[in-house]
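The values are calculated or read from the model by the stated rules, or taken from the named source; none is laboratory data. Given the structure is predicted, the values throughout are model-derived calculations rather than measurements. Note: ideal-geometry Cβ built from the backbone for every residue, glycine included; neighbour counts use all protein chains shown. Heads up: the accessible areas ignore ligands, DNA and RNA and are worked out on the full protein's heavy atoms, side chains in. Shrake-Rupley method; radii C 1.70, N 1.55, O 1.52, S 1.80 Å.
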Amino acid sequence: MNHPDFPGWLHALAMVSLSLAFVSSAIIIFDIRRHPQKMAVMNWVWPLTGLFGSVLWLWLYWRHGRADGSGVGGNAGRQPVWAKVAKGASHCGAGCTLGDIIAEWAAFAFPAIAVWLGYRSIFAEEIFAVWVLDFILAFGIGIVFQYFAIAPMRDLSFGEGIREAIKADTFSISSWQVGMYGMMAFIQFGWFRAAFGAAAPVDTPEFWWAMQVAMLAGFATAFPVNWWLIRKGVKEAM
C-alpha cells in the first residue's frame, strides 16, 4: 500500500527498483557462498553494494569480482583502472550502506536519538540530525571494512592497520557522504516536499528508493577521490 502523499507511479517505481536490488544482492550472496572472495571482507562488500547498485553492481561483481575464474575475480593487476577504482569506491560505499540502514532505522525506532543529536535544538529538520548518526556509523564501519582489506594486504599490526585504514578511507567516505547527502536533500526537499507536500518517511519504499539514488550520487562523488587515492598508493587496488 502506497503512502497517501505520493502518487502510485512513484510507489511502483520504488517497489520495482528495491525488488531488483534485493534480487541482485541475493544472487551475489548465493554465488559468493559457492565461490568465496579471496579477500574475506569483500564477501560483505559485494552484497551490500548490490542493495543500492542493483543490476549494475551485479554486473560489476560478475565481470570483475567473481572468484571462480570466469571473470577477473579480484586480481587487481588484470583489471582496467576504472574497475579498480569502482571496487575501491564500492568498498567504502558498503560501509556507508550498512551505516545508513542501521542509523535510519534506529532513529525511526527510537526518535529520541535524533533529539540527542540536535533535532529541534540545532537542526530544524530531523533528517539532518539523523545524518550525524549516519556519518558516524558509516565512517566507523567503513574504517573496519578498510582495515580488513589493507591490513592483510600489507601485513600490518592492528594499530598500523587502523591508522592506514583511517588514512585511506577518510576522504573516500567523506566524499561519498557529500554526494549522498546532497542528492538526498534534493530529492526529499527539492522534489518530494515541493511536488507532493511531504518528504518520504523512513518506513516507505519511496524513502529507500531515494536512498538508492542518493547512494549512486555518493559513488559519483567518491569515484574521482578513490582514483586519486589509489594512484597515490594511499588506498590499495582491489
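Filtering F145, F207, F192 for residues that are among the aromatic types (F, W, Y), surrounded by 20 or more Cβ atoms within 10 Å (Cβ to Cβ) and modelled with pLDDT under 95 leaves a single hit, F145.
Within the stretch 154-198, restricting attention to residues that are of a type in the set (D, E) and free of Cβ contacts under 8 Å to residues at least 60 places away in the same chain, the residue that is farthest from C92 (Cα to Cα) is D155. Pairs linking a residue in the stretch 218-229 that is open to solvent by 50 Å² or more (accessible area, probe 1.4 Å) to a residue that is among the polar types (S, T, N, Q), with Cβ atoms under 7 Å and 6 or more positions apart or on different chains, are T221/S175.
The single condition from (1) aliphatic (A, V, I, L, M); (2) closer than 28 Å to S24 by Cα; (3) open to solvent by less than 20 Å² (accessible area, probe 1.4 Å) that V178 fails is (3).
Among the residues making up the stretch 148-175, those that are out of contact with any Leu (no Cβ under 8 Å at 6 or more places or on another chain), open to solvent by less than 10 Å² (accessible area, probe 1.4 Å) and within 24 Å of E104 (Cβ to Cβ) are D169, I173.
Looking only at the stretch 121-146, which residues are more than 17 Å from the chain's Cα centre (by Cα) and assigned to a helix (DSSP H, G or I)?
E126, I127, F128, A129
Among the numbered conditions (1) touching a strand residue (DSSP E or B) at 6+ places or on another chain (Cβ under 9 Å); (2) closer than 17 Å to M42 by Cα, the only one that A151 does not meet is (1).
Among the residues making up the stretch 92-135, none is open to solvent by 50 Å² or more (accessible area, probe 1.4 Å), touching a residue at least 24 places away in the same chain (Cβ under 8 Å), among the aliphatic types (A, V, I, L, M) and more than 16 Å from Q212 (Cα to Cα).
Of the residues that sit in the stretch 29-43 and are hydrophobic (A, V, I, L, M, F, W, C) and either in a loop (DSSP other than H, G, I, E, B) or within 17 Å of the chain's Cα centre (by Cα) (or both), which one is surrounded by the most Cβ atoms within 10 Å (Cβ to Cβ)? Applying the filter and picking the extreme gives M42.
For the stretch 197-204, the criterion of being in a helix (DSSP H, G or I) and either modelled with pLDDT of 95 or more or among the acidic types (D, E) (or both) is satisfied by no residue at all.
When you check V115 against the structure, is it over 30 Å from M42 (Cα atoms) and not small (G, A, S), yes or no? Answer is yes for this residue.
Among the residues of the stretch 3-28, those that are outside any helix (DSSP H, G or I) and open to solvent by 60 Å² or more (accessible area, probe 1.4 Å) comprise P4, D5. Within the stretch 63-85, not a single residue is assigned to a helix (DSSP H, G or I), at pLDDT below 95 and in contact with a Ser or Thr (Cβ under 8 Å, 6 or more places away or on another chain).
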